[in-house]
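Before any comments, here is the structure.
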Amino acid sequence: MKLDSSPIAAIATAAGRGGIGVVRASGKDLAPLIAALFPGVVLRPRHATFIDFTAADGSVIDQGLALLFKGPHSYTGEDVLELQGHGGPVVLQMLLARVLQAGEPAGLRLAEPGEFTRRAYLNDKLDLAQAEAVADLIDASTEAAARSATQSLSGAFSKTIHVLVEQTINLRMLVEATLDFPEEEIDFLEQSDARGQLAVIVASLDKVFQQAAQGALLREGLNVVLVGQPNVGKSSLLNALAGADIAIVTPIAGTTRDKVRETIQIEGIPLHIIDTAGIRAADEDIDQVERIGIERTWGEVVKADVIVHLLDASYGPTAADETIVAAFPRGVPVLRIWNKIDLSGHQSAVEVAPDAVSVYLSANEHSGIDLLREQLLRIAGWQQTGESLYLARERHLIALRAAREHLDVAAAHAARSDQSLDLFAEELRLAQAQLSSITGAFSSDDLLGVIFGRFCIGK
Ligand code: GDP
């Protein structure tokens with residue numbers, strides 16, 4: 001990703017047709033672009049101006065609203081111009097081409113993925129955790145995930161992290177001040193209650209970690225592989241599980257929806273279900289493309305968080321079921337579902353055995369479905385705490401974990417009789433650096449490239 005500050009432009013709305021579509025430009029000074037696009041017109045900042053969008057030869061491309069946000073009072077912190085026209089792919093491409101052409105003398109170019117948000121970050125409009133929340137909100141597949149992303153975007157997560165950083169800095173300052181007066185070291189830990197302060201920081205960090213880890217579930221969800229013989233009731237079970245809770249599945253740029261993958265949700269946690277009914281045996285007469293698709297699907301099966309093996313309770317396991325079980329990847333928990341208990345006469349129940357947990361249920365009669373939901377949530381590690389959750393990313397969890405480890409080492413130093421205060425202070429510094437990396441106070445360019453590179457163009 002280029003780091004230059006030349007003006008940029010892109011279509012900001014999703015590809016496809018829509019009522020309106022927006023072309024957005026950002027740059028330190030967009031006056032030359034505006035003069036070229038709308039000669040003689042003065043755009044009042046933050047006022048919608050209904051205007052003709054014209055080509056260089058004066059012909060009208062579209063009519064719409066021009067909106068100017070003067071920096072620093074804009075999304076990126078620079079001048080931002082939004083042209084809101086009709087949301088057709090061709091007309092928007094024509095409008096974008098016109099903007100690129102009009103801005104060419106000023107060095108205007110097409111924006112890279114995530115570049116608007118990256119500029120917002122570099123201009124201190126958002127911190128890194130908030131910038132990530134923009135992408136998470138756009139990609140959220142359930143209502144709970146969207147709500148948590150909004151929480152993070154509003155700065156709630158960042159604020160909590162800042163409080164932790166502040167507490168760590170305060171303790172560090174106290175310790176470092178003492179280092180200059182070695183004769184006072186001995187009593188320092190007692191007098192200042194440094195151990196007590198450290199314990200408070202550790203307790204708050206643990207709470208944040210819990211909220212973040214639960215929030216990460218809302219983001220990532222659980223990968224579930226559904227296997228079983230034809231007619232055991234896989235589709236019926238999927239419908240019963242989903243109920244009214246079918247996740248809002250949105251097409252995400254760069255991916256096409258997999259035929260064998262379906263997303264439902266339980267308590268807001270997305271369950272990505274891979275239905276192996278879509279996988280035909282490799283020895284059947286299949287073409288190259290399908291073979292690759294099958295290999296890819298099996299690749300996902302290996303990464304599954306849980307295998308749900310469906311059997312017919314009125315039959316018991318068949319030889320084919322034994323083959324299925326033999327193909328299960330090692331180490332992935334298995335939930336064995338005995339369906340159709342209305343026919344077999346079993347009661348709905350959960351049975352725990354060393355190799356698998358079994359659930360007896362009836363997809364058609366909806367008995368035992370709650371038990372299955374509970375088991376899936378248990379495997380996901382879901383605990384309903386009533387606390388607000390942060391839609392954390394793996395990066396955040398890793399940093400929180402690392403910070404916790406440094407605090408543990410600091411506590412160990414504090415507990416030692418020689419009271420190695422310099423080492424204590426150093427561990428606090430390392431913990432602080434880990435916490436700060438979450439909001440991006442000391443982030444490397446590589447990290448920024450990874451984070452913003454995953455955005456779509458126009459964000
Ligand atoms: P799939 O091929 O595994 O997806 O199975 P389906 O969901 O299509 O179900 C196959 C048949 O079994 C259908 O006729 C369902 O109505 C029936 N079925 C599914 N679940 C139950 C159940 O719990 N009880 C009974 N009696 N029939 C069921």
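Read the figures in this text as sums done on the coordinates, not as results from a lab. Since the structure is predicted, the reported quantities are computational estimates derived from the model, not experimental observations. In this analysis, Cβ positions are derived from the backbone assuming ideal geometry, glycine residues included, and neighbour counts consider all displayed protein chains.
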Efficiency of FRET from Cβ geometry, Asp370 and Ser344, R₀ 22 Å, rounded to 0.05:
0.70
Given Cβ charges of +1 for Lys and Arg and -1 for Asp and Glu, the option among Val232, Gly196, Ala36 whose Cα lies farthest towards the positive end of the dipole of the chain is Ala36
From the residues Val301, Leu241, Gly316, which one has its Cα farthest along the dipole of the chain in the positive direction, the dipole being from +1 and -1 charges on Cβ of Lys/Arg and Asp/Glu about the Cα centre?
Leu241
What's the magnitude of the charge dipole for the range 8-126 around its Cα centre, counting Lys and Arg as +1 and Asp and Glu as -1 at the beta-carbon? Answer in Debye, nearest 20.
260
Taking θ as phi - 60°, what are the ³J(HN,Hα) couplings along the range 331-337 by the Karplus curve (6.51, -1.76, 1.60), each to the nearest whole Hz, with x for Gly and Pro?
x, 9, x, 10, 9, 9, 10
With +1 assigned to the C-beta of every Lys and Arg and -1 to the C-beta of every Asp and Glu, and no other charges, what is the dipole magnitude of the chain about the Cα centre in debye, to the nearest 20?
1500
As a quick test, which of the pairs Lys234/Lys303; Lys207/Lys459; Lys125/Lys303 have an alpha carbon distance above 29 angstrom in this structure?
Lys207/Lys459; Lys125/Lys303
Evaluate the relative contact order of the chain (contact order divided by residue number), counting alpha-carbon pairs under 8 angstrom at least 6 apart; express in whole percent.
18
Counting only the backbone N, which residues of the range 71-86 are under 12 Å from the spot 7 Å out from the Cα of Ile51 toward its beta-carbon?
81-84
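DSSP loop (so not H, G, I, E, B), at most 14 other Cβ within 10 Å: list which GluC sites (Glu not before Pro) in the range 367-435 pass both filters.
Passing both the DSSP loop test and the Cβ count: Glu387.
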Computed ³J(HN,Hα) along the range 56-63: with the Karplus parameters 6.51/-1.76/1.60, θ = phi - 60°, integer Hz and x for glycine or proline, the list is 4, 7, x, 6, 7, 7, 6, 10
